[in-house]
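Okay, so here's the structure we're looking at.
Coordinate-derived values only; no laboratory data. Everything quoted here is computed from the prediction, not taken from an experiment. Note that we place each Cβ from the backbone using ideal geometry, even for glycine, and neighbour counts take in every protein chain shown.
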Amino acid sequence: MNIPEILIQKLRAARHVLAFTGAGISAESGLATYRDPQTGLWSKFLPQELATPEAFQRRPDMIWAWYASRRQAVERAEPNPGHRALVALENRVPRLTLVTQNVDGLHQRAGNRRVIELHGNLTRTRCSEGAHRVETWPATEEVPPRCPVCGARLRPDVVWFGETLPLDAWEAAVAATQDCDVCMAIGTSAVVRPAALLPELAQKSGALLVEINPEPTPLSTHSDVTLAGKAGEVLPAVVRVAWPA
Ligand code: OAD
């Protein structure tokens, strides 16, 4: 893999790097992406039937069970070399802001210290009425179980289509776009807004925009550097070339 010199120089000199990740970085951990043909979740299921508040109203039991099976897959998965390269990057640059659309928690398990989750985390549970997170609830046959505080149904702590992003996470992500020297968009189809706007915001604020993805996306035409390959191969190579042992 040829890593362009401009990227190496910019990374070595960077004060602040923004890494913006999507489902593609977890593909090599065995977790399905959303939009890859054949294997993506949304090539098999309709998002409006599984990932909207209306779907939860209609079939809370089915939605709970679907997220429970995804949670099991996530618990069985391990961080891969792509995740670990972002830990190495965090140790190398003065400041790394890691913004993820992923709900699998693998960046945290790999060891990144501060991860901004735009779409929540499916290993957490919250009340469907209040926004409060819930850690434990009494054993019950009911699916989904009820909130121990208010009795409403429990739901996964993820953002569904039609819902707003957590404001603090969004504001922190936008602030990072305005301050970073390099923005790396990794393993995302860059079609789900508002998250998909972040790389362009960073580029408009003067950052070098780097895309890492085996397939072209809407970002590819205007990225400054395109590294067409798998995150688990490209990211370790970038770190190795920028900071040889
Ligand atoms: P997508 O499934 O839309 O895109 C995954 C991207 O990863 C594609 O562009 C693939 O080409 C790329 N990819 C696949 N394998 C890869 C690898 N080994 N290395 C690098 N890239 C690889 O996933 P997201 O962009 O994350 O929303 O999707 C955005 C949002 O849509 C998700 O957060 C989710 C979904 O609906 C919510 O859950 C709210």
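Some points to look at:
- Once the C-beta distance of VAL241 and THR39 is scaled by a Förster radius of 45 Å, the resulting FRET efficiency is 0.90 to the nearest 0.05.
- Charge-dipole axis of the chain as Lys and Arg at +1 and Asp and Glu at -1 on Cβ define it, positive-most pick from LEU227, ALA88, GLY24: ALA88
- Relative contact order of the chain, taken over Cα pairs closer than 8 Å and 6 or more residues apart, is 26 percent.
- Shape of the chain, Cα gyration tensor, a/c cut at 1.5: prolate
- Helix 167-179 and the long axis of the chain differ in direction by around 0°, with both axes built from C-alpha atoms.
- Listed residues GLY232, GLY162, GLY111, most fluctuating in the chain (Gaussian network, C-alpha, under 10 Å): GLY162
- Stretch gain in nm, segment CYS150-ARG92, where the contour uses 0.36 nm per residue and the Cα spacing is subtracted: 16.3 nm
- The stretch 107-239: radius of gyration and largest Cα-Cα distance (Dmax), Å: 18.3, 55
- With at most 16 neighbouring Cβ atoms within 10 Å, loop trypsin sites (Lys or Arg not before Pro) (DSSP) excluded, longest segment of the chain: 115-245
- Neighbour-limited loop hits for GluC sites (Glu not before Pro), the stretch 63-158 (at most 10 other Cβ within 10 Å; DSSP other than H, G, I, E, B): GLU135, GLU141
- Calculated mean residue ellipticity, 222 nm, the chain: -10000 deg cm²/dmol, from DSSP H runs (n ≥ 4) at -39500 (n - 2.57) each, averaged per residue and rounded to 500.
- Straight-distance candidates among the aspartates and glutamates for linking to LYS10, with alpha-carbon spacing under 13 Å and chain neighbours fewer than 8 residues away dropped: ASP181, ASP224.
- Between 0 and 90 degrees, the angle of helix 60-76 with respect to the longest Cα principal axis of the chain falls at about 40 degrees.
- Cysteines without a disulfide-compatible neighbour (Cβ-Cβ under 4.7 Å), the chain: CYS150, CYS180, CYS183
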